[in-house]
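Worksheet for the structure shown next.
The values are calculated or read from the model by the stated rules, or taken from the named source; none is laboratory data. Computed from a predicted structure; not experimentally measured. Glycine also receives a Cβ, built like all others from the backbone with ideal geometry; neighbour counts cover every protein chain displayed.
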Amino acid sequence: MSKWPFTKGLHDLGRGAYAYLQPSGTWGYSNAGLVTDGDQSLLVDTLFDERLTAEMLGVIKAATGIAADQIGVVVNTHSNGDHTFGNRLASKAVIIASEAAAREMREEGNPQMLAQLLKNADTMGEVGAFFKRIFGAFDFAGVTLKLPDRTFAGELSLKVGDKAVQLIQVGPAHTAGDVIAYVPANRVVYAGDILFIDGTPIAWAGPVGNWIKACERILGLEVDAVVPGHGPITDKAGVRRMQDYLVYVDTEARKRNAAGMNSWEAAQDIALGSFGDWLDAERLAVTVNTIYREIGAPSASRSTVELFGRMAQLERRYADQRKPGN
């Protein structure tokens with residue numbers, strides 16, 4: 001069990017480092033981080049819509065005195081909207097992301113498209129019902145996405161006051177341009193969606209082998225607290241546990257490909273065992289498909305709608321299996 005409570009709001013990690021948590025950590029309910037020194041501050045990620053981001057910024061101001069327009073830098077750990085759609089509200093911040101993440105944001109970061117999909121969800125059958133269930137609580141129509149002002153590849157060293165913050169690109173993995181933010185003075189790393197705790201990771205981009213190496217990179221840092229993209233604050237034991245999941249799924253998917261199963265058959269066949277208690281286990285369908293795509297298997301789907309359909313079916317299947325008598 002984590003020594004940090006998994007409760008909504010700002011958690012003081014000591015000496016000017018904070019984590020903002022959003023239980024339960026399921027779809028869209030991401031975490032953020034704040035690093036301060038003197039009169040300078042850096043925010044790691046914003047939230048999935050401007051309502052949630054405004055709420056977070058209000059909590060930060062109440063706890064630290066730092067207003068939204070006093071935040072100097074926003075680091076987006078990757079391109080997904082639940083880590084970027086609130087960027088505009090840090091109105092005077094320089095927004096920094098990896099080159100690959102910025103490219104994905106330009107090409108795919110469209111909140112209005114998500115708003116339209118939600119509007120049409122009732123006409124989309126099982127996929128629409130799933131989409132509405134996981135994203136229906138968010139207000140995408142009110143979002144104006146602010147893109148990064150500065151990009152980098154590899155690593156970038158920043159200063160917040162006298163405090164060093166190291167941005168380390170570890171993607172492609174979860175997405176094309178994943179970055180972690182390491183604060184040596186605080187022995188804290190903000191992992192973005194390289195880490196899900198008590199939740200199932202989802203490899204949109206891959207390769208999964210890169211993601212396993214990214215976990216190893218975190219394990220090699222001198223850290224006490226690891227703030228995941230979703231779920232409770234953890235330590236290196238939590239990183240190892242998620243790495244174990246990725247290794248297991250990668251191994252099992254490759255076995256099934258070798259045995260002649262297609263990617264969807266493989267996802268349905270893999271038994272999750274002790275990982276099956278994690279939130280959003282249905283994401284296995286996407287990660288297995290990504291592994292098949294890495295292998296070059298012809299059965300790997302390129303359709304996002306099809307992949308959401310597979311997740312909807314897996315979610316229903318897992319729910320049926322949990323019913324009494326099954």
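How many of the residues making up the range 1-41 are charged (D, E, K, R), within 17 Å of residue 62 (Cα to Cα) and assigned to a loop (DSSP other than H, G, I, E, B)?
So the count comes out to 2.
Does the range 205-228 hold any residues that are of a type in the set (Gly, Ala, Ser), farther than 20 Å from residue 294 by Cβ and either touching a helix residue (DSSP H, G or I) at 6+ places or on another chain (Cβ under 7 Å) or surrounded by fewer than 21 Cβ atoms within 10 Å (Cβ to Cβ) (or both), and which are they?
Scanning the range 205-228 gives a single hit, 220.
Applying the selection to the range 183-201, what residues are assigned to a loop (DSSP other than H, G, I, E, B) and in contact with a Ser or Thr (Cβ under 6 Å, 6 or more places away or on another chain)?
If the condition is that a residue be assigned to a loop (DSSP other than H, G, I, E, B) and in contact with a Ser or Thr (Cβ under 6 Å, 6 or more places away or on another chain), then 197 is the only one that fits.
Taking the residues in the range 125-137 that are more than 18 Å from the chain's Cα centre (by Cα) and in contact (Cβ under 8 Å) with a residue 24 or more places away in the chain as candidates, determine which candidate is surrounded by the fewest Cβ atoms within 10 Å (Cβ to Cβ).
126
Looking at residue 151, is it polar (S, T, N, Q), at negative phi and buried (at least 23 other Cβ atoms within 10 Å of the Cβ)?
Criteria not met by residue 151.
Filter the range 17-55 for residues that are farther than 21 Å from residue 95 by Cβ, touching a strand residue (DSSP E or B) at 6+ places or on another chain (Cβ under 6 Å) and either among the polar types (S, T, N, Q) or surrounded by fewer than 22 Cβ atoms within 10 Å (Cβ to Cβ) (or both) and give the result.
Listed by number, the list holds a single entry, 26.
All but one of (1) surrounded by fewer than 24 Cβ atoms within 10 Å (Cβ to Cβ); (2) assigned to a helix (DSSP H, G or I) hold for residue 140, so report the exception by its number.
Every listed condition holds for residue 140 apart from (2).
Assuming residue 214 fulfils every condition listed in (1) more than 30 Å from residue 306 (Cα to Cα); (2) in contact (Cβ under 8 Å) with a residue 12 or more places away in the chain; (3) hydrophobic (A, V, I, L, M, F, W, C); (4) assigned to a helix (DSSP H, G or I) apart from one, which condition is it?
The single condition residue 214 does not satisfy is (1).
Condition (residue is touching a helix residue (DSSP H, G or I) at 6+ places or on another chain (Cβ under 6 Å), among the small types (Gly, Ala, Ser) and part of a loop (DSSP other than H, G, I, E, B)) applied to the range 72-89: is it met by at least one residue?
Yes, some residue in the range 72-89 is touching a helix residue (DSSP H, G or I) at 6+ places or on another chain (Cβ under 6 Å), among the small types (Gly, Ala, Ser) and part of a loop (DSSP other than H, G, I, E, B).
Can you confirm whether residue 239 is touching a helix residue (DSSP H, G or I) at 6+ places or on another chain (Cβ under 9 Å) and either at pLDDT 95 or above or assigned to a helix (DSSP H, G or I) (or both)?
Numbers: touching a helix residue (DSSP H, G or I) at 6+ places or on another chain (Cβ under 9 Å): yes; either at pLDDT 95 or above or assigned to a helix (DSSP H, G or I) (or both): yes.
Judged against the criteria, residue 239 is a match.
Out of the residues in the range 192-204 meeting the condition of being touching an Asp or Glu at 6+ places or on another chain (Cβ under 9 Å) and closer than 13 Å to residue 179 by Cβ, tell me which one is surrounded by the fewest Cβ atoms within 10 Å (Cβ to Cβ).
193
Please determine whether any residue of the range 282-304 is under 17 Å from residue 199 (Cα atoms), polar (S, T, N, Q), assigned to a helix (DSSP H, G or I) and in contact (Cβ under 8 Å) with a residue 60 or more places away in the chain. Working first, answer last.
Filtering the range 282-304 for residues under 17 Å from residue 199 (Cα atoms) gives 282-288.
If we keep only those that are polar (S, T, N, Q) too, we end up with 287.
Retained after the next criterion (residues that are assigned to a helix (DSSP H, G or I)): 287.
Keeping just the survivors that are in contact (Cβ under 8 Å) with a residue 60 or more places away in the chain gives 287.
Yes; the residues of the range 282-304 include at least one that is under 17 Å from residue 199 (Cα atoms), polar (S, T, N, Q), assigned to a helix (DSSP H, G or I) and in contact (Cβ under 8 Å) with a residue 60 or more places away in the chain.
Quick check on the range 257-268: of everything there that is under 14 Å from residue 294 (Cα atoms) and not hydroxyl-bearing (Ser, Thr, Tyr), which residue is surrounded by the fewest Cβ atoms within 10 Å (Cβ to Cβ)?
First, pick out the residues of the range 257-268 that are under 14 Å from residue 294 (Cα atoms): 257-258, 262-263.
Keeping just the survivors that are not hydroxyl-bearing (Ser, Thr, Tyr) gives 257-258, 262.
Numbers: 257: 21, 258: 9, 262: 16.
Going through the qualifying residues, I end up with 258.
When the residues of the range 46-71 are filtered to those that are under 28 Å from residue 136 (Cα atoms) and not in a helix (DSSP H, G or I), which remaining residue is farthest from the chain's Cα centre (by Cα)?
49
Which pairs have Cβ atoms under 6 Å, sit 6 or more apart or on different chains, and link a residue in the range 103-114 that is closer than 12 Å to residue 80 by Cβ and touching a residue at least 40 places away in the same chain (Cβ under 8 Å) to one that is in a helix (DSSP H, G or I) and not β-branched (Val, Ile, Thr)?
none
Among the residues of the range 246-255, what is the count of those that are surrounded by fewer than 20 Cβ atoms within 10 Å (Cβ to Cβ) and in contact (Cβ under 8 Å) with a residue 12 or more places away in the chain?
Filtering the range 246-255 for residues surrounded by fewer than 20 Cβ atoms within 10 Å (Cβ to Cβ) gives 247-248, 251-252, 254-255.
Subsequent filtering for residues that are in contact (Cβ under 8 Å) with a residue 12 or more places away in the chain retains 247-248, 252, 254.
Adding up the residues that qualify gives 4.
Between residues in the range 226-244 that are more than 18 Å from residue 32 (Cβ to Cβ) and residues that are aromatic (Phe, Trp, Tyr), which pairs lie under 7 Å by C-beta distance while being six or more apart or on different chains?
Listed by first residue and then by second, the contacts come to 242/196.
I'd like the residue in the range 58-112 that is charged (D, E, K, R) and within 11 Å of residue 175 (Cβ to Cβ) and, out of all such residues, is surrounded by the most Cβ atoms within 10 Å (Cβ to Cβ).
104
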